[in-house]
1. Report every pair of residues separated by at least 6 positions or lying on different chains whose Cβ atoms are under 8 Å apart, first residue within region 302-316 and in the same structural domain as residue 359 (by TED's automatic domain parsing), second hydroxyl-bearing (Ser, Thr, Tyr) and assigned to a loop (DSSP other than H, G, I, E, B).
2. In region 292-303, which residues are in contact with a Phe, Trp or Tyr (Cβ under 9 Å, 6 or more places away or on another chain) and surrounded by fewer than 19 Cβ atoms within 10 Å (Cβ to Cβ)?
3. Within region 64-92, how many residues are over 16 Å from residue 288 (Cα atoms) and modelled with pLDDT under 90?
4. Check region 338-359 and report whether any residue there is over 22 Å from residue 31 (Cα atoms), without any contact (Cβ under 8 Å) to a residue 12 or more places away in the chain and surrounded by 16 or more Cβ atoms within 10 Å (Cβ to Cβ).
5. Does region 227-244 include one or more residues that are of a type outside the set (A, V, I, L, M, F, W, C), touching a helix residue (DSSP H, G or I) at 6+ places or on another chain (Cβ under 8 Å), assigned to a helix (DSSP H, G or I) and over 18 Å from residue 149 (Cα atoms)?
6. Does residue 178 satisfy being closer than 21 Å to residue 137 by Cβ, of a type outside the set (A, V, I, L, M) and buried (at least 24 other Cβ atoms within 10 Å of the Cβ)?
7. With (1) over 27 Å from residue 77 (Cβ atoms); (2) outside the structural domain of residue 189 (by TED's automatic domain parsing) as the list, and residue 272 as the residue in question, which single condition is left unmet?
Amino acid sequence: MSYPSPLSQPHPGSPAPIVPPPSRPPALPPLPRKGRSVAIWLIALLVLVCLGVAGYFLAFLGTEASVVGMILALLPLAGVLAAVRLIDRWEPEPRGLVIAAVAWGAVVAVAIALAVDLLLSIVFGSATDAAADAFRSVVQAPIVEEFAKGLGVFVIFASARRAFDGPVDGVVYGALVGAGFAFTENIQYFAISMIEGGAAQVSTTFFLRGILSPFAHVMFTVLTGFALGLAARRGYAPGRAVGLWITGMIGAVVLHALWNGSATFFDFFALYATLQVPLFVLFVLGIVALRREEARLTRARLGDYAAAGWFTAQEVDMLATPAGRRAGIAWARGLRGDRARVMRSFIADATGLAAARQRALSGRDPGAAEDERVLLQRAAQSRAALFAP
């Protein structure tokens, strides 16, 4: 027998076959669903009310106008949801709760507003003079609609407390409920415009509601969500959070009444430029400030784990800052097989881990320790997958 070199050795054995490396990281352990999923009763309520609202629209507005209104209303809704996604991109809320929040605003809040309007018409009659219209626009609508939307945010706060960690989460849920309400309200406005004035009137209405003010309802209800987010950060139980919830709704009502009043009593476009635009700028700056505070808290809580050896200081900087997260994803994209998705999972789980530790420190979530255990395991697996050969 000949050998390729004098130092070669015979191989009479049969070694085990070499398997290729896994093409995807191993499955991550799931988080407990309790406290971060949609309750069955809420799903049933949303479906039932959705059927009723759809029937109402088809009966009073007709199929053609309703479909056209819905298609047009989807455009500003898509823009708002994209903006909310930017706020919530690093620790996205559970998909079921996101859908439930939008659905509450789109069907339950709308149904409550319609029911109250019908009840008041029965009790006091359907006055059509200017004073009655002004009252409905500036007083009735802000109070009823903000209560209806705020109730949805409170339901999520009370039933999914593990997914409601602080002001940023409150802003997200408030924005989603407001976006859902604006979607259905836009269907009604666009459909009525089509029936009464055709394409020309629809175009004007779309410009006013879909271009100039797609974030109006979002801004109102965000105040309620922010207040409940403060309650969550302070570790309040639902009963103790009622005061902050009402305070947030009062702020939402005032802002809503100011918006409607600008169209009823003043020059809308003049007030839009001098008041509403600055308010929107303040709204955006407030979101930026909240995200920075969330990043500071994430850094502090992950620092606790870094002190115990789970993360390096460099990893904490990467996981807790927008610039670091972007750099981490860009680095992972250049790894074999493009591991950007693994990096996103690592970032999301580490951010969730920081939030779970904060819940544990506040004492408001008895199951936070279990969440910490699972999220720490998930983060460790994702990190190992990033550095796998």
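The values are calculated or read from the model by the stated rules, or taken from the named source; none is laboratory data. Because the structure is predicted, anything quoted here is derived from the model rather than measured. Backbone-built Cβ (ideal geometry, glycine too); neighbour counts: all protein chains shown.
1. These pairs meet every condition: 306/312.
2. Matches in region 292-303: 303 only.
3. Residues flagged as over 16 Å from residue 288 (Cα atoms) and modelled with pLDDT under 90 within region 64-92 amount to 1.
4. no
5. In the first step, residues of region 227-244 are kept if they are of a type outside the set (A, V, I, L, M, F, W, C); the result is 229, 233-236, 238-240, 243.
Then drop every residue that is not touching a helix residue (DSSP H, G or I) at 6+ places or on another chain (Cβ under 8 Å), which leaves 229, 233-236, 238, 240.
Then keep just the ones that are assigned to a helix (DSSP H, G or I); that gives 229, 233, 238, 240.
Okay, now just the ones that are also over 18 Å from residue 149 (Cα atoms), so 233, 240.
There is at least one residue in region 227-244 that is of a type outside the set (A, V, I, L, M, F, W, C), touching a helix residue (DSSP H, G or I) at 6+ places or on another chain (Cβ under 8 Å), assigned to a helix (DSSP H, G or I) and over 18 Å from residue 149 (Cα atoms).
6. Considered against the rule, which asks whether it is closer than 21 Å to residue 137 by Cβ, of a type outside the set (A, V, I, L, M) and buried (at least 24 other Cβ atoms within 10 Å of the Cβ), residue 178 comes out as yes.
7. (1)
For (1) in a helix (DSSP H, G or I); (2) under 17 Å from residue 91 (Cα atoms); (3) touching a Lys or Arg at 6+ places or on another chain (Cβ under 6 Å); (4) not small (Gly, Ala, Ser), each residue gets a yes or a no:
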| position | (1), (2), (3), (4) |
| --- | --- |
| 314 | yes, no, no, yes |
| 328 | yes, yes, no, no |
| 344 | yes, yes, no, yes |
| 347 | yes, yes, yes, yes |
| 376 | yes, yes, no, yes |
